[in-house]
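Engineer: Before I ask anything, let me first share the structure, which is written out below as structure tokens.
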Amino acid sequence: MANINKKTIFPPKLETGDEIRVIAPSSSAGFLSSEIKSVCISNLNKLGINVSFGNNIYVSDILDSTSVSQKLEDIYDAFSNPKIKGIIAIRGGYNSNTILDDIDWTIITKNPKIFCGFSDITVLCNAIYAKTGLVTYHTPNFSTFGQKKYISYSLDYFKKCLFNGNVYEINSSKYWSQDEWWSNQEHRKLEPNNGIKIINKGTSKIIEGLTLGGNLSSLNLLQGTKYMPDLRKSVLFLEDDDLVDAKIFERYIESLIQQKSFDGIKALLLGRFQRGSMITIKQLETIFKTKKQLQNVCIMANLDFGHTDPQISFPIGGKARIEIVNNIPKITITSH
């Protein structure tokens, strides 16, 4: 457990004309077609961002990944290069935790800048914050921006989070999808969004706390290590993919609850589950009713982040405020 005494460092925000570097600290970029890559660049260009790429992102071994030394080379180059103002992961995957013991953390602390991504990148976002105090960001990965249609919501929140320090509210999207958009960009399958679901109101009328979390399976890889952030007084954002069903989700949550720093979390916000997980609101209500440590904690589900689209962006190490008025939740990112 780390970051008990670390000073919080907010990186400079992006500005029009800035350059963002794409790296592959988890799985490699070999899956990315030239067409989708072009769409990704175009969508980020619309925000005024120029894009460059790490030298090793296409290197792919038997585990569909680059070596530890190659990952670190691209990370160090991105943080050390003064022309680079932000760093984004090309995708998630499985093994970003393999580099933690080899990172020279002073390179990051001496060159604070935006670092973002999601899924397996949860490991690095939370570890960087825990070890250095640098606020990182849970955002779509670079490859997520390869969508030709229905990307405006994700782009809007990416801009709200990374381009200025203004307070912003998390509002639900009108539609969501988990279709294989990369195989058919023109015929997307959208589903109506039923909005945020309140599982437990909690006992506080106004909740304020530190924003942490991301992918639950990935965050749990940090348990018992010096890279796990202190969860006390946190608004914990959690999501997972369709490899996790209700039974697996419950044991993952229980494992997190058993962490020493879990006692005293302020709220639990769950990202939308994929259809393949078969997790229902009723199952979540049943699971959380059995957790005595969470009886006074505000719990909400079906937020727009995780392994469906579109996605909000939020800080790891920032602050959030939650109110529930007439059973309507209001979630605001107040510091990022």
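Engineer: Taking the stretch 32-53, which residues are more than 21 Å from the chain's Cα centre (by Cα) and not basic (Lys, Arg)?
Structural biologist: Correct list: SER33, SER34, GLU35, ILE36, SER38, VAL39, SER42, ASN45, GLY48, ASN50, SER52.
Engineer: Report, ordered by the first and then the second residue, all pairs with beta carbons closer than 7 Å, sequence separation of six or more or different chains, a first member in the stretch 311-336 that is touching a residue at least 12 places away in the same chain (Cβ under 8 Å) and of a type in the set (Ser, Thr, Tyr), and a second member that is part of a strand (DSSP E or B) and open to solvent by 50 Å² or more (accessible area, probe 1.4 Å).
Structural biologist: THR332/GLU169; THR332/ARG321; THR334/LYS319; THR334/ARG321; SER335/LYS319
Engineer: Additional query: Within the stretch 118-135, can one find any residue that is polar (S, T, N, Q), at pLDDT 95 or above, in contact with a Leu (Cβ under 8 Å, 6 or more places away or on another chain) and open to solvent by 10 Å² or more (accessible area, probe 1.4 Å)?
Structural biologist: Within the stretch 118-135 (the criterion being polar (S, T, N, Q), at pLDDT 95 or above, in contact with a Leu (Cβ under 8 Å, 6 or more places away or on another chain) and open to solvent by 10 Å² or more (accessible area, probe 1.4 Å)), the answer is no, since none of the residues qualifies.
Engineer: If you don't mind, another one. If you scan the stretch 15-52, which residues turn out to be of a type in the set (Lys, Arg) and over 18 Å from GLY92 (Cα atoms)?
Structural biologist: Within the stretch 15-52, just LYS46 meets the criteria.
Conditions tested, residue by residue: (1) in contact (Cβ under 8 Å) with a residue 40 or more places away in the chain; (2) farther than 22 Å from LEU270 by Cβ; (3) polar (S, T, N, Q).
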{"position": "ASP120", "(1), (2), (3)": "yes, no, no"}
{"position": "GLY146", "(1), (2), (3)": "yes, yes, no"}
{"position": "TYR153", "(1), (2), (3)": "yes, no, no"}
{"position": "TRP181", "(1), (2), (3)": "yes, yes, no"}
{"position": "ASN184", "(1), (2), (3)": "no, yes, yes"}
{"position": "PRO192", "(1), (2), (3)": "no, no, no"}
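Engineer: Right, something else. Go through PHE142, PHE163 for me and flag whichever is in contact (Cβ under 8 Å) with a residue 12 or more places away in the chain, buried (at least 18 other Cβ atoms within 10 Å of the Cβ), among the aromatic types (Phe, Trp, Tyr) and touching a Leu at 6+ places or on another chain (Cβ under 9 Å).
Structural biologist: Among PHE142, PHE163, only PHE142 is in contact (Cβ under 8 Å) with a residue 12 or more places away in the chain, buried (at least 18 other Cβ atoms within 10 Å of the Cβ), among the aromatic types (Phe, Trp, Tyr) and touching a Leu at 6+ places or on another chain (Cβ under 9 Å).
Engineer: Which of (1) free of Cβ contacts under 8 Å to residues at least 40 places away in the same chain; (2) not in a loop (DSSP other than H, G, I, E, B); (3) not aliphatic (A, V, I, L, M) does TYR137 not meet, given it meets every other one?
Structural biologist: Answer for TYR137: the failing condition is (1).
Engineer: Suppose we keep only residues that are in a helix (DSSP H, G or I) and either aliphatic (A, V, I, L, M) or within 12 Å of ILE75 (Cβ to Cβ) (or both) within the stretch 117-134. Which one would you say is nearest to the chain's Cα centre (by Cα)?
Structural biologist: My answer is ILE121.
Engineer: If you go through the stretch 25-78, how many residues are touching a strand residue (DSSP E or B) at 6+ places or on another chain (Cβ under 7 Å) and closer than 21 Å to LEU100 by Cβ?
Structural biologist: Number of matching residues: 11.
Engineer: Mind checking which residues of the stretch 235-250 are surrounded by fewer than 22 Cβ atoms within 10 Å (Cβ to Cβ) and either assigned to a strand (DSSP E or B) or in contact with a His (Cβ under 9 Å, 6 or more places away or on another chain) (or both)?
Structural biologist: ASP241, ASP242
Engineer: A further question on this structure: Can you tell me how many residues in the stretch 31-79 are more than 17 Å from LEU124 (Cβ to Cβ) and small (Gly, Ala, Ser)?
Structural biologist: 7
The values are calculated or read from the model by the stated rules, or taken from the named source; none is laboratory data. Everything numeric here is computed off the predicted structure, so don't read it as measured data. Glycine gets a Cβ as well: all are built from the backbone with ideal geometry, and neighbour counts include every protein chain shown. Only protein heavy atoms, including side chains, enter the accessible area calculation; ligands, DNA and RNA are left aside. Shrake-Rupley method; radii C 1.70, N 1.55, O 1.52, S 1.80 Å.
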